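The values are calculated or read from the model by the stated rules, or taken from the named source; none is laboratory data. Remember, predicted model here, so these are calculated numbers, not experimental data. Cβ placement follows ideal geometry from the backbone for every residue including glycine, while neighbour counts extend to all protein chains displayed.
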């Protein structure tokens, strides 16, 4: 585990440096193409300046930006006690220094993600659709996967790499558009210095090619690594819960629902446990942010000997027929036994799920719940004007206990 | 510069390097030992939470489960024995008996559909399930820490520092084994 | 969600796994898309009733707005020409609005027995006409 974190940190740093190099050379070439070599240095400076500002913003506020853009609401334990229990269980299993902040997203599509800077400042967000569909073991599997992302320090990496990717795309777009418009308005830049016009033309050509290729190159690096991280987080989740079937069956349920997430976008997509976009039959191309979910399920179901990282590695190799991806030093682990399933095996009907989801969102949005002794349940919105309510069925008068269930946000 | 001076400087540098290394390893060992202690206290916290939970659980279930007096007695007895335990092995044995009594209780509950429909009981049941899980996960985390710490104090060069400042090996926490053999498992090297 | 008639916040009622939105002031009822179908069940009588929706074009009753999308709803007749009930339907199919007593009348049309789900939930609303809904806000 410890070695794996170290290697993961190093890889993150390498990737960030690699992306930084791409960014810097892009800045240099664009600068040089426009105004010669001196301008190239200015290009590097400008590119690094933009990069630095975006990095600092995302380091200190990236998680808040991501959570807000996903419409996640911070909740207190009384909204969903089981979710809090499970997060705390995984916090203990993983030895996190602090309980991650817990958010619920009002979206019927089942999904989850983790974000934050480090294990001390981490957040976990799950959708209402996920909570309504999964049983205890399955939810534990998903939370363990997210906690593994936190332990592996993937959360900071995803935020930073996402910002860097955004910056590279932005700069290339600006340059290419600028090129397009300036060529329309009489090629002001290229003919200014006629002495080394030839060299400048070549530089310009290289810059254009790089501006087109850099985002693709950055995408490839980013997505290749985020795919590998999903496998690693699956392996980590099994090691924490000692129960591969929980996560496998959760992934199966997630794959079985074909609802697009309305609250996800292109930048946040790689954070989620499963790809939030299902529109097209997603081919496993270089662009896909997640490994095929069926393959992840098969790897998990194929683990019969134990729940150690080495067992996942072995199963991964036999299912994908590829070389394993867990760093060697992390595999010198003691043997870990798989535990038995827990008792919670409630079969839940579609309509009941829908109602539970509705109730959950009502709790998140501050509704109060009243159970009348005549058997009727009343769900009262926070903007209900009166402090008292009469049961429409048996005429009993109840006091509305406002603010009993509140969100912390 | 005479050869004596060079030798002296060499010795000074060597001493500084050695002292720095000793300090570094010592601090790493202390940090690991604290992590082990911290993991141990996590188990303790969860066991206490389970003790606090039981009276409430028994009180709620009693009204529905009129024919299960024996089950309740076993649980209450195991709880008081666990709370009054004086040694680690005694506690481990009592806690393991308590775990057994509670899991038997959970099986019996399945025969009382009315109890299972009680919202208050359902909340208690979830808390109990979670507490049992937390105990298991805390034990798991503790054992992982102990393994790492024990490996460290046995490996060169940290074993020298560990010997100098008497860092000793820690025992694994194995509830089942302890119940059978009366002593916590000790790892041999 | 606010009532389509008097715009007070509505409360949600749940009984035996059936959920409806209810206005305590005017005692109107809102059923989400598909909820009526789900509640009536899959019997032939239910299908007949659901198939009997006809547009009421030249109707003078005030148009109401859908509590979900806020767009004006259309008036539809339910049931055979003798003893039709006029209800409101969202044009975007968000659901159905029943004024006080209308849902009971619709259920009466289909002759659903009193053990059915909605009658059980709502039966007493209409049996206790003296029920004055929600005490006036102070």
Residue A:20 - would you say it is over 19 Å from residue A:160 (Cβ atoms) and surrounded by 15 or more Cβ atoms within 10 Å (Cβ to Cβ)?
no
In this structure, is residue B:92 outside any helix (DSSP H, G or I), more than 14 Å from chain A (Cβ to nearest Cβ), within 23 Å of the chain's Cα centre (by Cα) and closer than 23 Å to residue A:92 by Cβ?
no
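Here's the yes/no breakdown for (1) surrounded by 16 or more Cβ atoms within 10 Å (Cβ to Cβ); (2) modelled with pLDDT of 85 or more; (3) out of contact with any helix residue (DSSP H, G or I) (no Cβ under 8 Å at 6 or more places or on another chain); (4) more than 14 Å from chain B (Cβ to nearest Cβ):
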residue: A:26; (1), (2), (3), (4): yes, no, no, yes
residue: A:32; (1), (2), (3), (4): yes, no, no, yes
residue: A:69; (1), (2), (3), (4): no, no, yes, yes
residue: A:97; (1), (2), (3), (4): no, yes, yes, no
residue: A:106; (1), (2), (3), (4): yes, yes, no, yes
residue: A:110; (1), (2), (3), (4): yes, yes, no, yes
Here is a list of conditions, (1) assigned to a helix (DSSP H, G or I); (2) within 30 Å of residue A:259 (Cβ to Cβ), and residue A:104 meets all of them except one; can you say which number that is?
(1)
Residue among B:151, B:133 that is within 14 Å of chain A (Cβ to nearest Cβ), out of contact with any helix residue (DSSP H, G or I) (no Cβ under 9 Å at 6 or more places or on another chain) and closer than 30 Å to residue B:30 by Cα
B:151
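Residues checked against (1) at pLDDT below 75; (2) buried (at least 17 other Cβ atoms within 10 Å of the Cβ); (3) out of contact with any helix residue (DSSP H, G or I) (no Cβ under 6 Å at 6 or more places or on another chain); (4) not assigned by TED's automatic domain parsing to the domain that holds residue A:78:
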site: A:307; (1), (2), (3), (4): no, yes, no, yes
site: A:311; (1), (2), (3), (4): no, yes, yes, yes
site: A:326; (1), (2), (3), (4): yes, yes, no, yes
site: A:336; (1), (2), (3), (4): yes, yes, yes, yes
site: A:343; (1), (2), (3), (4): yes, no, yes, yes
site: A:346; (1), (2), (3), (4): yes, no, yes, yes
site: A:350; (1), (2), (3), (4): yes, no, yes, yes
site: A:359; (1), (2), (3), (4): no, yes, yes, yes
site: A:372; (1), (2), (3), (4): no, yes, yes, yes
Could you list all residues from the stretch A:221-266 that are modelled with pLDDT under 80 and part of a loop (DSSP other than H, G, I, E, B)?
A:257, A:258, A:259, A:260, A:261, A:262, A:263, A:264, A:265, A:266
Hits in the stretch A:274-304 (condition: farther than 22 Å from residue A:127 by Cα, at pLDDT 70 or above, touching a helix residue (DSSP H, G or I) at 6+ places or on another chain (Cβ under 7 Å) and part of a loop (DSSP other than H, G, I, E, B)):
A:302, A:303
Test set (1) under 33 Å from the mean Cα position of the chain (by Cα); (2) at pLDDT 90 or above - residue B:74 fails condition number:
(2)
Qualifying position, being free of Cβ contacts under 8 Å to residues at least 60 places away in the same chain and under 30 Å from residue B:120 (Cβ atoms), among B:49, B:81, B:31:
B:81
Is one or more of the residues making up the stretch A:115-126 surrounded by 21 or more Cβ atoms within 10 Å (Cβ to Cβ), within 14 Å of chain B (Cβ to nearest Cβ) and under 24 Å from residue B:122 (Cα atoms)?
no
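Table: residues versus (1) without any contact (Cβ under 8 Å) to a residue 40 or more places away in the chain; (2) closer than 18 Å to residue A:221 by Cβ; (3) in the same structural domain as residue A:226 (by TED's automatic domain parsing).
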| residue | (1), (2), (3) |
| --- | --- |
| A:15 | no, yes, yes |
| A:20 | no, yes, yes |
| A:32 | no, no, yes |
| A:40 | yes, no, yes |
| A:45 | yes, no, yes |
| A:49 | yes, no, yes |
| A:53 | yes, no, yes |
| A:56 | yes, no, yes |
| A:64 | yes, no, yes |
Exactly one of (1) part of a loop (DSSP other than H, G, I, E, B); (2) at pLDDT below 75 is unmet by residue C:63. Its number?
(2)
Only one of (1) at the interface with chain A (Cβ under 10 Å from one of its Cβ atoms); (2) over 15 Å from residue A:355 (Cβ atoms); (3) crowded, with 18+ Cβ neighbours inside 10 Å does not apply to residue C:49, and that is (1)
Residue identified as free of Cβ contacts under 8 Å to residues at least 40 places away in the same chain, closer than 24 Å to residue A:240 by Cα and within 16 Å of the chain's Cα centre (by Cα) among B:140, B:145:
B:140
Exactly one of A:38, A:120, A:88 is out of contact with any helix residue (DSSP H, G or I) (no Cβ under 6 Å at 6 or more places or on another chain) and closer than 30 Å to residue A:202 by Cα, and that residue is A:38
